[in-house]
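Every read-out reported here was derived from the displayed coordinates using simple, explicitly stated rules and does not represent laboratory data. Here the structure is a predicted model, which is why all the values come from computation and not from measurement. Don't worry about glycine lacking a Cβ; one is built from the backbone with ideal geometry, like all the others, and counts go over all protein chains shown.
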Amino acid sequence: MFAFAALLAGGIAGLLQGLVRGGMVTLPAGIGYYQLLTAHGVLMALIFTTYFIMGFIYGGLARTLGGKLLASSRALGWGGFAVMSLGTVLGTIMILLNKATVLYTFYAPLKADKLFYIALVLIVVGSWISGAGMIQNYVYWKRTHKGQTSPLFAFMGIVTMALWLIATLGVAVEVLFQLLPWSLGWTKTVNVMLSRTLFWYFGHPLVYFWLLPAYMCWYVCIPKIIGGRLFSDALARLSFLLFLLFSIPVGFHHQLMEPGISPFWKYLQVVLTFLVVIPSLMTAFSLFATFELAGRARGGTGLFGWLKKLPWKDARFFAPFMGMLIFIPAGAGGLINASNQMNAVVHNTLWVTGHFHLTVASSVALTFFGITYWLIPAVTGRRLTPRLHKWGIIQTLVWAFGMFIMSGAMHLVGLFGAPRRTAYTTYGDSAEGLSWLPYQAAMAIGGIIVFIGILILIGIIIGLFRAPRGEEEFPIAEPEPDALPVPRYLERWSVWIGIAVVLILVAYTIPVMDMLQTDSPGARGYVTW
């Protein structure tokens, strides 16, 4: 519920932000546009997603590793939740007091209040504590089931947490050793290039921390919902391991336009970025093979007859499926962002914001909504009624339609050069600036529709808690009867994490050493709000 409270609060901030950017409303005194932008980004991109993912993985671990969690793992989970919640409340207060209007990237030299950076530390440390509980439970299962292959959901959950733990080391170093001492006055300046590099060491794998739980649903839960089976357990595990390897040492593709980084190291990380396409294509192949096999098992014939046999009126399937479809253009946009020459065209424009809303706010969010429709009943002992199914379909369509309008307008006006991170302005009534206004109005209209989708979702959640008593399954698909055994090398954690560490060291050691040895005087802090 904490996750959905953050979604609602972040949605309100996003709605107001869109209306301001579209020139439709003027904010009252004391509320700033960039304050809203910070609240929207932090609450939706960091808080909503992290809380939901933690709860989803814990629920799946309990379901697949023996039916319940170890008491100590449960304690670590709740302990991490408490620490994260303290950090979330503190950070939100700082944003509302307009003492941390630094956007969700908290780029230096913009300088927030020290309590905001302490809040970030609490959120990260709390997630580590909860992650430790997951790993402890998984290790205990492996120790008591020697020689057995761990359940696929549990394996995927631990890969996701391994990705998170490795990635958050970068932002932890940034906050603890740069931003917090700087905000406390212990140091006068901050190395901006190093700060941004450490953030994007974390910032890009953060995208896959959002995506991998959606993939977990697509691989493991959706086949069960549609009456099918896992297409390939081994392929699913390999794809997740490849995400672990190639999604971390790629942060420089967010810094292609920044000076001070050698073109060679940018090129290396762009190559690694494109390698992430491989597990994405593996996932697409596996999923649609699963859909076709399930559809044909239901009597579908002809080239596309199997499509008609899929359960389109089941909100548990329809919402994630819409997320999958949207991820096709979203992934194509990611290839553009990661390409050096094309990135020069769209860098720091609304195109990037549109891409972000297609990936996280559409593909990931819709999948999370689909999970919600069965996860809350499964946990609370309720039933997902036909009426709630219907409202789930409506909510999915409303959200997707609103995002189509909003993100589409962002992509188009971004190609025309409209910058991101700016409030409403006509740029001195310049012809070019005025030509962007219709697109910004479309963005606001799309945002209104999306907010209606949030309200419908909240109504559905309330309805789920009031639904009739009963049992709703936690859908975990089973492998095909004649499936080949999973190769043991896929669960040799020391090897895969070792390879990931080597790739990170190759990609970052020399560039970071150069940044540490630079003669740059550093930057003092600025408060521009």
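Taking amide hydrogens as modeled 1.01 Å from N in the peptide plane, which residues meet the under 5 Å criterion relative to LEU110, leaving out close sequence neighbours?
It is TYR526, by chain and number.
Could you tell me the center-to-center distance, by alpha carbons, between region 58-96 and region 465-529 in angstrom?
19
Once phi is turned into θ = phi - 60°, what whole-Hz ³J(HN,Hα) does the Karplus curve with 6.51, -1.76 and 1.60 give for every residue of region 108-124, x standing for Gly and Pro?
Going residue by residue, I get 6, x, 4, 10, 8, 5, 4, 5, 5, 5, 5, 4, 4, 4, 5, 5, 5 Hz, with x marking Gly and Pro.
Quick one: angle between helix 365-380 and the longest Cα principal axis of the chain, in degrees between 0 and 90, rounded to 10, please.
50
Based solely on its DSSP helices, what 222 nm [θ] is calculated for the chain when runs of n ≥ 4 H residues each add -39,500 (n - 2.57) and the sum is averaged over all residues, nearest 500 deg cm²/dmol?
-22500 deg cm²/dmol
Can you find, among ALA71, ALA400, ALA13, the residue sitting farthest towards the positive end of the charge dipole of the chain, where Lys and Arg contribute +1 and Asp and Glu -1 at Cβ?
ALA71
Each label point is 7 Å from the Cα along the Cα-to-Cβ direction; what then is the distance between the points at ILE458 and ASP514, in nm?
Roughly 4.9 nm, to one decimal.
Please report, in debye to the nearest 20, how large the charge dipole of region 311-475 is about its Cα centre when each Lys and Arg carries +1 at its beta carbon and each Asp and Glu carries -1 there. All intermediate terms of the calculation are to be shown ahead of the outcome.
Working: 10 positive and 6 negative charges, 113 e Å.
I would put it at about 540 debye.
Please report, for the Cα atoms of region 147-196, the Rg to one decimal and the Dmax as a whole number; what are they, in angstrom?
17.5, 56
Just to check, using Stokes-Einstein with a Kirkwood Rh over alpha carbon pairs, what's the diffusion coefficient of the chain at 20 °C and 1.002 mPa s in µm²/s?
On the way: Rh = 23.9 Å.
Here the translational diffusion coefficient equals 89 µm²/s.
Enumerate the calculated ³J(HN,Hα) couplings along region 87-100 in order (Karplus 6.51 cos²θ - 1.76 cosθ + 1.60, θ = phi - 60°), each rounded to whole Hz, writing x wherever the residue is Gly or Pro.
Couplings: x, 5, 4, 5, x, 5, 4, 4, 5, 5, 7, 6, 10, 8 Hz.
Toward the positive end of the charge dipole of the chain, about the Cα centre and with charges on Cβ (Lys, Arg +1; Asp, Glu -1), which of GLY32, TRP374, PHE116 goes farthest?
Farthest along the dipole direction, towards plus: TRP374.
Which order, highest average first, do 132-145, 111-124 follow once you tally other Cβ atoms within 10 Å for each residue and take the mean per peptide?
Details: 132-145: 17.6, 111-124: 21.7.
Ranking the peptides 132-145, 111-124 by packing returns 111-124, 132-145.
Shape verdict for region 380-529, please, from the Cα gyration tensor: rounded (a/c under 1.5), prolate (a/b greater than b/c) or oblate. Intermediate values should be presented prior to the final figure.
On the way: a/c = 2.48, a/b = 1.10, b/c = 2.25.
Cα axes put region 380-529 in the oblate bin.
Once both axes come from the Cα atoms, what is the angle between helix 49-64 and the longest principal axis of the chain, in degrees from 0 to 90, rounded to 10?
20
Evaluate E = 1/(1 + (r/R0)^6) for VAL277 and LEU434, where r is the Cβ-Cβ distance and R0 equals 51 Å; express this FRET efficiency to the nearest 0.05.
Values: r = 39 Å, r/R0 = 0.76.
E between VAL277 and LEU434, to the nearest 0.05, is 0.85.
Using r as the Cβ-Cβ distance of ASN98 and HIS145, and R0 as 51 Å, what FRET efficiency do you calculate, to the nearest 0.05? Could you put the intermediate results ahead of the total?
Values: r = 53 Å, r/R0 = 1.04.
With a Förster radius of 51 Å, E is 0.45.
Test of understanding: extend the Cα→C-beta vector of LYS313 to 7 Å, then name every residue of region 359-384 with backbone N under 18 Å from that spot.
It comes to 384, nothing else.
Starting from the amide H of ALA418, placed 1.01 Å from N in the peptide plane, find each other amide H under 5 Å away whose residue is 5 or more places distant or on another chain.
Placed amide hydrogens put LEU350 under 5 Å from ALA418.
Quick check on my link table: of LYS224/LYS390; LYS224/LYS313; LYS142/LYS224; LYS68/LYS309, which ones sit more than 27 Å apart, alpha carbon to alpha carbon?
Distance filter (> 27 Å) returns LYS68/LYS309.
Suppose every K and R has +1 on its Cβ and every D and E has -1 on its Cβ; what is the size of the dipole of the chain about the Cα centre, in Debye to the nearest 20?
Values: 33 positive and 17 negative charges, 239 e Å.
So the dipole magnitude of the chain works out to roughly 1140 debye.
Could you tell me which of ALA467, TRP436, ALA361 has its Cα farthest along the dipole of region 311-475 towards the positive end, charges placed at Cβ (Lys, Arg +1; Asp, Glu -1), taken about the Cα centre?
ALA467
Taking square-rooted eigenvalues a ≥ b ≥ c of the alpha carbon gyration tensor, is region 311-475 rounded, prolate or oblate, where a/c under 1.5 means rounded and, failing that, a/b exceeding b/c means prolate?
Working: a/c = 3.52, a/b = 2.16, b/c = 1.63.
The shape class here is prolate.
Compute the relative contact order of the chain as a whole-number percentage, counting only Cα pairs closer than 8 Å that sit 6 or more residues apart in sequence.
Reported relative contact order: 19 percent.
Roughly what angle does helix 437-465 make with the longest principal axis of the chain, taking Cα atoms, 0 to 90 degrees, to the nearest 10?
The helix 437-465 is inclined about 40 degrees to the chain.
Once the mean 1/r over all distinct Cα pairs of region 143-230 is inverted, what Kirkwood radius in angstroms do you read off? Mind dumping the intermediate values first?
Numbers: mean 1/r = 0.0636 Å⁻¹.
The answer is 15.7 Å.
For region 253-264, what does the Karplus curve 6.51 cos²θ - 1.76 cosθ + 1.60, with θ = phi - 60°, yield as ³J(HN,Hα) per residue in whole Hz, taken in order and with x for Gly and Pro?
With the stated coefficients, region 253-264 comes to 6, 8, 10, 4, 8, 8, x, x, 10, 4, x, 4 Hz.
What is the gain in length, in nm to one decimal, between LEU303 and SER262 on full extension, counting 0.36 nm per residue of separation less the C-alpha to C-alpha distance? Don't skip to the answer; put the middle values down first.
Working: separation 41, 0.36 × 41 = 14.76 nm, distance 5.03 nm.
So the chain would gain 9.7 nm between LEU303 and SER262.
List the residues, sorted by chain then number, that are 5 or more residues from ARG382 or on another chain and whose placed amide H is less than 5 Å from its amide H.
GLY470, GLU472
Starting from the Cα-Cα distance between ARG466 and ARG492, subtract it from 0.36 nm times their residue separation and give me the gain in nm to one decimal. Could the numbers behind the result be given before it?
On the way: separation 26, 0.36 × 26 = 9.36 nm, distance 4.47 nm.
Difference between extended and current length: 4.9 nm.
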